[in-house]
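The values are calculated or read from the model by the stated rules, or taken from the named source; none is laboratory data. Remember, predicted model here, so these are calculated numbers, not experimental data. Don't worry about glycine lacking a Cβ; one is built from the backbone with ideal geometry, like all the others, and counts go over all protein chains shown.
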Amino acid sequence: MKKKGVVLLSGGIDSATAAAIAMNQGFDLSAITFFYSQRHEIEIKYSEKLVEYFKIKDHIKISLPAEIFRTALISKSEINVPKNLEVKKNIIPETYVPARNIIFLAYALAYGESIGAEDIFIGATEVDYSGYPDCRSEFFSAFKKMADIGTKTGVEGGEFIIHTPLLHLYKHEIIVLGTELGIDYSLTHSCYDPAIEGYSCGECDSCFIRMKGFADAGIPDPTVYKGKT
């Protein structure tokens, strides 16, 4: 019987690659996707495409109230998504979503304990990213300690493992790895501020990191960018 695992699946490059790694390691995966009125809610559709692609049987979609977040990523936010800016890791941008990975991992932890899955996969990276504090190794180490202390599984001698297989990889390394694992990256979406038609803006942090990743990897970018159709 395959070991059970839970993957946080956003529909982006990183979570898709994390899922592929988990499946390549033989895990029977369940997926969790979150909707919190983000501008890029199109990623929900891409997560569904990935679930079908990976043949994941259980896909939990969780809606969170947008009112608890103040961030440029909320669709009705008065804060604009920064465009055409250099990514600086010492400055946390307006696209930071307060406590997002804390909340997401807490749900994954609860779900995992309920179904007997002690392995949680998340596609976070602290190399090519926008400087978010909940994408760092210190955060994941602390979360694991909390998980083992605050759950029945941990108290009874079990151990949760927070898998962050991409944590120290650059985006082009992630893309090369995922391509070797057979991922079709046309089934992923990264843009923070896509057009209504679904085109990526090509100007936000996430688009820049995605474009650079494919360019550095020497692999064609399957993304349709606004004005470049």
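Among residues of the stretch 136-156 that are of a type in the set (S, T, Y), those with a beta-carbon under 6 Å from a residue that is part of a helix (DSSP H, G or I) at least six positions away or on a different chain give the pairs T151/E113; T153/E113. How many residues are in contact with a strand residue (DSSP E or B) (Cβ under 9 Å, 6 or more places away or on another chain) and either surrounded by 17 or more Cβ atoms within 10 Å (Cβ to Cβ) or aliphatic (A, V, I, L, M) (or both) when one looks only at the stretch 131-149? Counting residues in the stretch 131-149 that are in contact with a strand residue (DSSP E or B) (Cβ under 9 Å, 6 or more places away or on another chain) and either surrounded by 17 or more Cβ atoms within 10 Å (Cβ to Cβ) or aliphatic (A, V, I, L, M) (or both) gives 4. Set side by side, the residues I74, I42, I32, I68 differ, and just one is touching a Ser or Thr at 6+ places or on another chain (Cβ under 9 Å) and β-branched (V, I, T), which is I74. Do the conditions hold for T188, that is, is it closer than 26 Å to N24 by Cβ and either in contact with a strand residue (DSSP E or B) (Cβ under 6 Å, 6 or more places away or on another chain) or among the β-branched types (V, I, T) (or both)? So T188 fits the description; yes. Restricting to the stretch 91-113, name every residue that is under 28 Å from N80 (Cα atoms) and not in a loop (DSSP other than H, G, I, E, B). The answer is R100, N101, I102, I103, F104, L105. Of the set (1) acidic (D, E); (2) farther than 30 Å from P65 by Cβ; (3) at pLDDT 95 or above, all apply to E118 but (2). For beta carbons closer than 7 Å, sequence separation of 6+ or different chains, a first residue in the stretch 70-83 that is within 21 Å of F208 (Cβ to Cβ) and among the charged types (D, E, K, R) and a second that is assigned to a loop (DSSP other than H, G, I, E, B) and modelled with pLDDT of 70 or more, the qualifying pairs are K83/E203; K83/C204.
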